[in-house]
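S.K.: This is the structure I want to talk about, given as structure tokens.
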Amino acid sequence: MKNIRNFCIIAHIDHGKSTLADRLLQTTNTISEREMKDQALDDMDLERERGITIKSHAIQMDYVQDDEQYVLNLIDTPGHVDFSYEVSRSIAACEGALLIVDASQGIQAQTISNLYLAIENDLEIIPILNKMDLPGAMPEEVTDQIVDLIGCDPSEVIPASGKTGLGVDKILEAIIARIPAPEGDPEAPLQAMIFDSVFNPFRGIIAYYRVLNGAIKKGDRVKFVNTGKEYDADEIGVLKMDLAPKKAVNTGDVGYIISGIKKANEVKVGDTITTVENPCLNAVKGFEDVKPMVFAGIYPVDTEDYEELRYSMEKLQLNDASLVFEPESSAALGFGFRCGFLGMLHMEIIQERLEREFDMTVITTVPNVSYKAYLKKDEELVIVNNPSDLPDPAKMDYIEEPYIKASVITKSDYVGAIMTLCIEKRGEMTNQVYLTQDRVELSFDMPMSEVVFDFYDRLKTISKGYASFDYYPTDYRRSDLIKLDILLNSEQVDALSALVHRSNAFTLGKKICLKLKELIPRQQFEIPIQAAIGAKIVARETIKALRKDVTAKCYGGDISRKRKLLEKQKAGKKRMRQVGRVEVPQEAFLAVLKLD
Ligand code: GDP
Ligand code: MG
């Protein structure tokens, strides 16, 4: 046990966590030259395509130093704010963290938030100044920033490069020297904490855990303390590039278990595994329940696929404990689920994973945050996660909306533009701190709903990419909220309704109608598009009726071109939904997010 080290790699997005993990895997020969590819731990297609880590990935490395054999359990984590729940769970399985900072970028918003998570969990922090090979690296300045932030000695900061391999040996030495070995009693009853799980189509449900006390042995009869369910430990082992079966996984180590678990809801991250024969007295303190920030409906494109969608979401939930959902129905879309997400990127990723991993084509509706409506009668509280849940305005006393504390780190040149954006987003600046001469941290109180509607993109554009953003929820405040309805062909479409602030309603109504006009293809008849607040129409556009079919403009000539056009039209149809007489494409349901 004294030769085990458990650590995670944390950083702001793109500062080089996954690439540095590659170098560690290579140096310790955990991965062969043949298997080596960039960001080897990002094994989901989606992660590789987008170049971001979505899931934490655990892997075990063997390492020899001064003739001592060490076992290093590394967990690579995502950097984006939407996935910080992944980070916090990984941190709970570790004694140390490599805090990576890009030497050309300096400390960014998620550097700070992830560092705080690590400090709260008493992890030993090893600061690393990465990307030293870049011409734009600013070692002295960024070292100062790190020293200021964590209060370490400058000599503790390790200069490194995931690209050239600089510093990798020093990092391995520091892991051994500075991160404490796990504690725990090998003789005590088994106590292991589940920190992640995944559904594997061939192997079934696989749970990942960290053994805190005792050992888990192949064939043990085990019990999950919180669910009370019992299983046989059919296969246990450690995580190499593939699963590596073992006879036992001992105190301090990280491992997996395959035990014929049938239902997704039987595995809860944060649950404790013990043995039936000699159970531990207490469950370990699990994780706080995640609080979804953004809600949207997810519906199958084909109404018959509802049950399959439920099955897929349950399986996906295994691998993403932050996804919550419950059944709902919509007049326009039929049966589906109201889902809670941690943010907009999370919502996008869930939709894509449903498609790729489960082959489900889905329609996502306009997202909104969770509001609190208080009724006049008895001050009854109604939680509004869906525009259709909004009580009759006549019966409502008032509504509250969630606020966040936002932090933006940027170059001082962009302070003015960012403050303007913040005010436009109904925010209020609460603090402004110069980190260095030309780097500023701005703090805002802002309604969460304003982050949902294109805040990131705007922030990126106005700062030319030089602004990082992080937030956490604070409180609820009164808000003048109304429901904006959309009528297609004079019929109200519930899936297109949005909850908006009154001050935005008219402009938004106008813009949504224009956008829908652009997105909904012309059909055989004229389609009026209207935006309404209650019975009052606030905007109107019209889609003219279709005259010719799409192939007409090919003048009969080129047959292959004709076929291509038809195929394109068919592909476009895939995500179409019939709403009354009107065919509506998926993009239209999210039109409100894509307004210019
Ligand atoms: P993560 O989001 O923190 O996991 O970052 P990645 O490891 O995915 O790296 C983000 C980008 O930075 C990729 O394009 C890498 O190739 C690049 N990168 C990572 N480490 C280095 C480095 O040390 N030097 C240089 N020049 N580029 C790096
Ligand atoms: Mg990564």
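The values are calculated or read from the model by the stated rules, or taken from the named source; none is laboratory data. Keep in mind that this is a model prediction, so the values were computed, not measured. In this analysis, Cβ positions are derived from the backbone assuming ideal geometry, glycine residues included, and neighbour counts consider all displayed protein chains. Just the protein is used for accessible areas: all its heavy atoms, side chains included, with ligands, DNA and RNA removed. Shrake-Rupley method; radii C 1.70, N 1.55, O 1.52, S 1.80 Å.
S.K.: Which of the strands (runs of 3 or more DSSP E) found entirely inside region 186-252 contain at least 3 residues meeting this: in contact (Cβ under 8 Å) with a residue 60 or more places away in the chain?
M.R.: 191-200, 204-213
S.K.: Under 25 Å from ARG478 (Cβ atoms) and among the small types (Gly, Ala, Ser): does that describe ALA417?
M.R.: no
S.K.: Let me ask another. Can you name every residue in region 456-489 that is of a type in the set (A, V, I, L, M, F, W, C) and surrounded by fewer than 15 Cβ atoms within 10 Å (Cβ to Cβ)?
M.R.: none
S.K.: Residues of region 329-346 being open to solvent by less than 10 Å² (accessible area, probe 1.4 Å) and within 12 Å of the chain's Cα centre (by Cα), which ones?
M.R.: If the condition is that a residue be open to solvent by less than 10 Å² (accessible area, probe 1.4 Å) and within 12 Å of the chain's Cα centre (by Cα), then GLY340, PHE341, GLY343, HIS346 are the ones that fit.
S.K.: So for region 10-18 (the condition being more than 16 Å from ligand 1 (Cβ to nearest atom) and within 17 Å of ASP169 (Cα to Cα)), does at least one residue qualify?
M.R.: No, the conditions are met nowhere in region 10-18.
S.K.: May I ask you to list the residues in region 403-442 that are out of contact with any Ser or Thr (no Cβ under 9 Å at 6 or more places or on another chain), of a type in the set (A, V, I, L, M, F, W, C) and open to solvent by 40 Å² or more (accessible area, probe 1.4 Å)?
M.R.: Within region 403-442, MET419, ILE423, LEU435 meet the criteria.
S.K.: While we're here: For region 86-125: of the residues being more than 11 Å from ligand 1 (Cβ to nearest atom) and in contact with a Lys or Arg (Cβ under 6 Å, 6 or more places away or on another chain), which is most open to solvent (accessible area, probe 1.4 Å)?
M.R.: Looking at the filtered set, the residue picked out is GLU124.
S.K.: Here is a follow-up. If you take the residues in region 485-515 that are among the basic types (Lys, Arg) and touching a residue at least 40 places away in the same chain (Cβ under 8 Å), which one is nearest to GLY427 (Cα to Cα)?
M.R.: My answer is LYS511.
S.K.: Which of (1) open to solvent by 30 Å² or more (accessible area, probe 1.4 Å); (2) farther than 29 Å from PRO78 by Cα does ASP359 not meet, given it meets every other one?
M.R.: (2)
S.K.: For region 132-185, how many residues meet the condition of being under 31 Å from the mean Cα position of the chain (by Cα), open to solvent by less than 20 Å² (accessible area, probe 1.4 Å) and closer than 21 Å to SER18 by Cα?
M.R.: 14
S.K.: On to the next question. Could you please give the count of residues in region 380-402 that are open to solvent by 60 Å² or more (accessible area, probe 1.4 Å) and more than 28 Å from the chain's Cα centre (by Cα)?
M.R.: Within region 380-402, residues that are open to solvent by 60 Å² or more (accessible area, probe 1.4 Å) and more than 28 Å from the chain's Cα centre (by Cα) number 7.
S.K.: So the check is Cβ under 6 Å with 6+ separation or different chains; which pairs have a first residue in region 38-54 that's near ligand 2 (Cβ under 10 Å from one of its atoms) and a second one that's among the basic types (Lys, Arg)?
M.R.: ASP42/ARG48
S.K.: Please tell me if VAL81 is of a type in the set (A, V, I, L, M, F, W, C), within 20 Å of GLY252 (Cα to Cα) and either within 16 Å of ligand 1 (Cβ to nearest atom) or modelled with pLDDT of 90 or more (or both).
M.R.: no
S.K.: Let me confirm something: among ILE261, ILE298, which residue is assigned to a strand (DSSP E or B) and open to solvent by less than 40 Å² (accessible area, probe 1.4 Å)?
M.R.: The conditions single out ILE298.
S.K.: Please work out which one of (1) more than 26 Å from the chain's Cα centre (by Cα); (2) in contact (Cβ under 8 Å) with a residue 60 or more places away in the chain is the condition GLY297 fails and give its number.
M.R.: The single condition GLY297 does not satisfy is (1).
S.K.: Here is a further query. When region 222-252 is examined, which residues are found to be open to solvent by less than 20 Å² (accessible area, probe 1.4 Å) and over 19 Å from LEU281 (Cα atoms)?
M.R.: Scanning region 222-252 gives ALA233, ILE236, GLY237, VAL238, LEU239, VAL249.
S.K.: Oh, and also: Hey, among LEU46, LEU24, LEU72, which residue is assigned by TED's automatic domain parsing to the domain that holds ASP133, within 16 Å of ligand 1 (Cβ to nearest atom) and at pLDDT 90 or above?
M.R.: LEU24
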